[in-house]
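Each reported figure results from applying straightforward, stated rules to the coordinates on display, with no laboratory input. Given the structure is predicted, the values throughout are model-derived calculations rather than measurements. We place every Cβ from the backbone using ideal geometry, glycine too, and count neighbours over all the protein chains shown.
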Amino acid sequence: AKVAVLISGTGTNMAALLYAAKAEACPYELVLVASNNPDAAGLALANAEGIATWAHPHKGMDRNAFDALVDERLRAAGADYVALAGYMRILSDDFVARWAGRMLNIHPSLLPKYKGLHTHQHAIDAGDAYGGCSIHIVTPALDDGPVLAQTEVAIAPGDTAESLARRVQFAEHQLYPATLAAFVTRERNPDYLLGRVRELAM
Ligand code: GRF
């Protein structure tokens, strides 16, 4: 399967997806890393690894027009799937509709808890025993689509949002490639991923 990754920043999850794709048995390949931020650090990394990149600043552009531009690039790259990885833009309904069922996002909380920002601080403030991360199918509402997989990360005494975030990142970097691989092969592995792919994504 051909996957395009959308990033806005560091791109460590994109890097995890990229390196996992180097394994012989990996059922997906990255065909494009695209960004609304030409300075996104992940672009240089993708370039160095020989993955096509595209970036265009969204500033001053209408959301629909910008998303149409992104969509055009994804299609030109031959993408079958889109993986959002720290893409800090709300997507237009048209864009989401166009990629319905073929676009995943990673979010640093145990959804449905703590959508949006500051997830780790919310989990600590609430006295939760676990933070974590989730992979979900993207639907028009923010961080709201069907959850495909999650990893729980124990909150330790004295944890700060930063220390918890660091451990959740390790979990993210394992979970995203594994989930994406399972997702693109879901017809062969219908019971993988909490056994939920059949019910949620087929
Ligand atoms: C990750 O924590 C992800 O869950 C969230 O944004 C962050 C992106 O980090 N959506 P990186 O750019 O992949 O390092």
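Comparing MET14, MET88, MET103 in a Gaussian network model of the chain where C-alpha atoms under 10 Å apart are linked, the largest mean-square fluctuation is found at MET88. Backbone phi angles across region 83-98, fed through the Karplus curve with coefficients 6.51, -1.76 and 1.60 (θ = phi - 60°), yield HN-Hα couplings of 10, 7, 9, x, 8, 9, 10, 6, 8, 5, 4, 4, 5, 4, 5, 5 Hz in residue order; Gly and Pro are listed as x. The H on the amide N of MET103, modeled in the peptide plane, is under 5 Å from the matching H of VAL82, VAL138, each at least 5 residues off or on a different chain. In the chain, excluding the sites themselves, the longest stretch lacking any of the GluC sites (Glu not before Pro) that are in a DSSP loop with at most 16 other Cβ atoms within 10 Å is 50-186. Per DSSP H run of at least 4 residues, take -39500 (n - 2.57); add these up for the chain, divide by its residues and hand me the 222 nm value, nearest 500 deg cm²/dmol. Mean residue ellipticity, 222 nm, calculated: -11000 deg cm²/dmol. Treating r as the C-beta distance of ALA76 and PHE170 and R0 as 25 Å, the FRET efficiency rounds to 0.15.
Each label was represented as a point 7 Å from its Cα along the Cα-to-Cβ direction; for LYS113 and ASP125 these points are 1.4 nm apart.
Globularity index of region 1-99 is 1.01 (Cα radius of gyration / 2.2 N^0.38 Å, N = number of residues).
Farthest toward the positive end of the dipole of the chain, out of THR151, VAL96, THR185, is the Cα of THR185, where the dipole comes from beta carbon charges about the Cα centre. In terms of surrounding Cβ atoms within a 10 Å radius of their Cβ, HIS136, HIS58 rank from fewest to most as HIS58, HIS136. About the centre of its Cα atoms, the chain shows a dipole size close to 240 debye [charges on the beta carbon of Lys, Arg (+1) and Asp, Glu (-1) only; nearest 20 debye]. Think of the chain as a dipole: +1 on every Lys or Arg Cβ, -1 on every Asp or Glu Cβ, centred on the Cα centre; then among TYR81, GLY11, LEU117, TYR81 lies furthest on the positive end. Neighbour counts of C-beta atoms inside 10 Å place CYS26, CYS133 in the sequence CYS26, CYS133, starting with the fewest.
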